[in-house]
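The values are calculated or read from the model by the stated rules, or taken from the named source; none is laboratory data. What you see is a predicted model, and the numbers here were worked out from it, not measured in a lab. Calculation scope for accessible area: heavy atoms of the full protein, side chains included, ligands and nucleic acids excluded. Shrake-Rupley method; radii C 1.70, N 1.55, O 1.52, S 1.80 Å.
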Amino acid sequence: MKRIRFGYVALVVLVAALAVPAAGVSKGSALPTSVGKGEGKLTLVAWEGYTEKQWVAPFEKATGCKVTAKYAGSSNDMFNLMTSGGGGQYDMVSASGDASLRLIYAGAVQEVNVNLIPSYKDFFKAFQSPPHNTVDGKHYGISLQFGPNVLMVDTKTYGKAPNSWSSIYDPKNKGKITIPDNPIQIADAALYLSKTQPSLGIKDPYELTKAQLAAAVKLLKQQRPLVKKYWGLASDQIDLFKNGGSSIGASWPYQVNTLKAAKVPVVSVIPKEGVTGWADTWMMSAKAQHPNCAYKWMQYITQPKPQAQQAIYFGETPVNKKACPIMNALSKGSCAQYQANAPESFYRSIKFWKTPVADCGNGQKNCTDLRAWTTAWQQVKG
């Protein structure tokens, strides 16, 4: 996994992305009621590993839509690629939750008709209209895959793994802790505080007032001298756990499974305070040149088999609940390994990444936006 879902960006880009109100994202064009003949081409901005031959080739053969993909290294790369040059260079983007709202508010992506996606009805309910891709009841894309941000623990060092995020703020673990180098990590601190300091009144870890953001930053600054490394790539954390440089940290299922395969004694924990997570969406450019091929791609990639193939290849969880038995047929035990058979309540409990904006969703505009979070993260790291 080479992606970095968030990186530092120029404030001018953030201002442009966040200043456009959600009410202005639709341009008044009616949603299509059917999918026409493919235009023969489909241009994608995607995470590396999302357009592998094993599932792209059958799509191309069935539809005649030739796929070309530009791999992005970060969510900011995706945002920039989809908004530069007039926005018509690419048809679709596999945006994560920390980019999808930015793309919606910038008017860079268009509303899609989910009634034209047959597999949509087979999605877990949590991914049919999630807040990171659905605004005012309008769908700006189709959910794809997801993963929780877990606590990873080396059991050789700890024996019984802790079941609380308090372990990554505990001075006893100084020099052993690894944390993602990502401003969205503020949400993890906010989620922890929402359970341990309820007086702060945090209801949504992505909707923080100035006082709530300050409380999260205070906690993260206290954590700073305890951290061995802020990792930007999954491979950084994997190497640290392999060589004993780290034994506990915030992680993704990918690192856990990679280390287990290398016989490193690690476990993943869903702490009692809950977890954040990332969820990806295929979104169509507001100026897509090949809209029929784009709809055909959404119809295809949400089917159980390609969902299962991608989940196993990438180490993530499909949104189509019918993918589970196919996953097990392709790789024994992979359905449970990637939590594709977890109860709906588990998926709903994950606080999925979404872009922090000033609008708190309650009629007020007193929340801190992504600019404030980016500045705060720089202050945390010093």
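Over the stretch 247-382, the pair-distance histogram of Cα-Cα distances with 10 Å bins from zero comes to 10, 27, 32, 24, 7, 0 percent, rounded to whole numbers. Rolled with a 1.4 Å probe across the full set of protein chains, the surface gives VAL319 an accessible area near 0 Å². With bins 10 Å wide starting at 0, give me the P(r) of the stretch 101-255 over every alpha carbon pair, in whole percents. With 10 Å bins starting at 0, P(r) equals 9, 30, 30, 22, 8, 0.
Considering only ALA46, ALA329, ALA126, the Gaussian network model of the chain with Cα springs below 10 Å gives its largest mean-square fluctuation to ALA329. Shown here are the Rg and Dmax of the Cα trace of the stretch 167-207, at 11.7, 32 Å.
For the stretch 204-319, the equivalent ellipsoid derived from the alpha-carbon gyration tensor has semi-axes of 33, 24, 13 Å in decreasing order. Remark: accessible surface ordering of TYR295, TYR313 (largest first) is TYR313, TYR295, probe radius 1.4 Å. Residues ILE312, ILE104 ordered from highest to lowest accessible area at a 1.4 Å probe: ILE312, ILE104. In the elastic network of the chain, a GNM with C-alpha springs shorter than 10 Å, the most mobile of ASN292, ASN113, ASN362 is ASN362. Calculated mean residue ellipticity at 222 nm for the chain: -10000 deg cm²/dmol, from DSSP H runs with n ≥ 4 weighted as -39500 (n - 2.57), summed, divided by the residue count and rounded to 500. Size of the chain: Rg and Dmax of its alpha carbons, in Å, are 20.3, 62.
Let me see the pair-distance distribution of the stretch 301-375: every alpha carbon pair, 5 Å bin width, integer percents in order. All Cα pairs considered, the percentages come to 3, 16, 19, 14, 11, 8, 11, 11, 6, 2.
Across TRP282, TRP47, TRP231, mean-square fluctuation computed from a Gaussian network of the chain (C-alpha pairs under 10 Å connected) peaks at TRP231.
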